[in-house]
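Here the structure is laid out as structure tokens; the discussion comes afterwards.
The values are calculated or read from the model by the stated rules, or taken from the named source; none is laboratory data. The structure displayed is predicted, hence computed values, not measured ones. Please note: Cβ atoms are built from the backbone with ideal geometry, for glycine as well, and neighbour counts cover all protein chains shown. The accessibility values were calculated without ligands, DNA or RNA, using every heavy atom of the protein model including side chains. Shrake-Rupley method; radii C 1.70, N 1.55, O 1.52, S 1.80 Å.
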Amino acid sequence: MRVGVAGLGRIGAMHARNLARTPGVDEVVLIGRDAGRTESVRARLAAQRDAEQTTESGAPGSDVWAPVSTTVDPLADVLPSLDGILVASATDTHAELARVVADSHTPLLIEKPLALGVDELTELSRDLDATGTPIMVAFHRRYDPGYQRLRQHVLDGDVGTLRLVQATENDHYALPVDYIPQSHGMWLDLLVHDFDIIPWTVGDPVVEVSMIGSVLDEPVYGDHQDTDTAMVTLRFASGAVGSIGALRRSDAGQDVRLEVTGSKGAYGAGYGPRTPITSTEPGGSAPSNPYDTFGDRFVPAFEEEIAHFVRMIRGESESLTPPAAGLVATALAEAAAESFHTGRPVRPRTTA
């Protein structure tokens, strides 16, 4: 199986590494416009491979990586030679590239968001579905074992009647300042993952969103009507309520959690010895090796996402995150943005 990767920033390089380490992948093709940059990514991956394949004694290890090659040929010219393609390019290119790939009928895994608004995404998802091309949008938390088990507890009735949902979404490191103007706001760049995973986990539609925020870390957020410190409140169709606390930078570490409390029990994903919270109870302790980045926090999710993609290419699994799956998250992001700017609760647009 020959799988391409287009878009070779931090996320694309991470996906390329995971692809190279996934059984069934025979070659990973890095696709870029700059030969020097593309080759530098390949060299970094080779260094990671060599480090991982060397045991403590200095002998070669047993891990097997697929070969990694590079090309600067246009994506449309490369697609016929690929069994699948992963797109991790800039957000504003996603819609156009998704159409190109779908028209070639090459199975696709593409980073979120697929489109920036509900209207655009509705039209795009219909067009993509019409091609019959298997497509996964990278809402990686749906592939995370902890979130999947949390959802199963809800489905199995262990939670009982849903009452309260609480999420934490704290990035460890601040965004690069030059990225902030093009980030499309915290609601679409960061919180969109919560807007996707919360309704998916609890099975209860969100009918009202409120968002407040402050600029406490980096003044440039204020220059672009954005925020680095925020709280979102949610009201669900059942009457249950929820909240999401979010920071663009938390020196404690990468902190991403979701708690679900009902009439029968409470369950949570994201809790463990690396959760970056120091207990002040007698006998409590600081976390051991707190999560450093989102990639560090979600290693199992990203690995399973790629494994699922490979199975989808083979025709063994269907996508958990087809193009239309992002409609709920996008509608909630739009509602959060409106609430943030107006100071009023907002009913999200229906996406049915």
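Quick notes on this one:
- Structure-based [θ]222 nm, the chain - -39500 (n - 2.57) summed over DSSP H runs of at least 4, per residue, nearest 500: -10500 deg cm²/dmol
- Longest DSSP-loop-exposure-free segment, GluC sites (Glu not before Pro), the chain, at most 12 other Cβ within 10 Å: 57-315
- Span-rule helices in the chain, defined as complete DSSP H runs reaching 18 Å or more along the axis (Cα) with Kyte mean at least -1.0: 35-52, 118-131, 299-314, 326-342
- Each label point was placed 7 Å from the Cα along the Cα-to-Cβ direction; for VAL241 and GLU218 their separation is 3.2 nm.
- Long-range Cα-Cα pairs in the chain (distance over 32 Å), rounded percent: 33
- At most 14 other Cβ within 10 Å, DSSP loop - chymotrypsin sites (Phe, Trp or Tyr not before Pro), region 218-312: TYR271
- Dipole of the chain computed with +1 at Lys/Arg Cβ and -1 at Asp/Glu Cβ about the Cα centre; of PRO276, THR38, VAL137, farthest Cα towards the positive end is PRO276.
- Accessible area (Å², per residue) of the chain, counting only protein heavy atoms and a probe of 1.4 Å: 45
- Taking a ≥ b ≥ c as the square roots of the eigenvalues of the Cα gyration tensor, region 26-130 is prolate, since a/c reaches 1.5 or more and a/b is larger than b/c.
- Label-point separation, ALA35 to GLU318 (7 Å along Cα→Cβ), nm: 4.5
- The alpha carbon centroids of region 3-29 and region 253-302 are separated by 28 Å.
- Take the Cα of GLN182, go 7 Å toward its beta carbon, and the backbone nitrogen atoms of region 11-54 under 15 Å from that spot belong to 11-12, 33-34.
- Pairs of Cα atoms nearer than 8 Å and 6+ residues apart set the relative contact order; for the chain it is 19 percent.
- For trypsin sites (Lys or Arg not before Pro), no site in region 130-211 is both called loop by DSSP and has at most 11 other Cβ atoms within 10 Å.
- Over region 251-342, volume per residue of the alpha carbon convex hull, in Å³: 205
- The relative contact order of region 26-149, computed from alpha carbon pairs under 8 Å that lie at least 6 residues apart in sequence, is 20 percent.
- Sulfur and carbon atoms: percent of accessible area, the chain [1.4 Å]: 50
- Length gained on full extension, THR278 to ASP119, computed as 0.36 nm times the residue gap minus the Cα-Cα distance: 52.9 nm.
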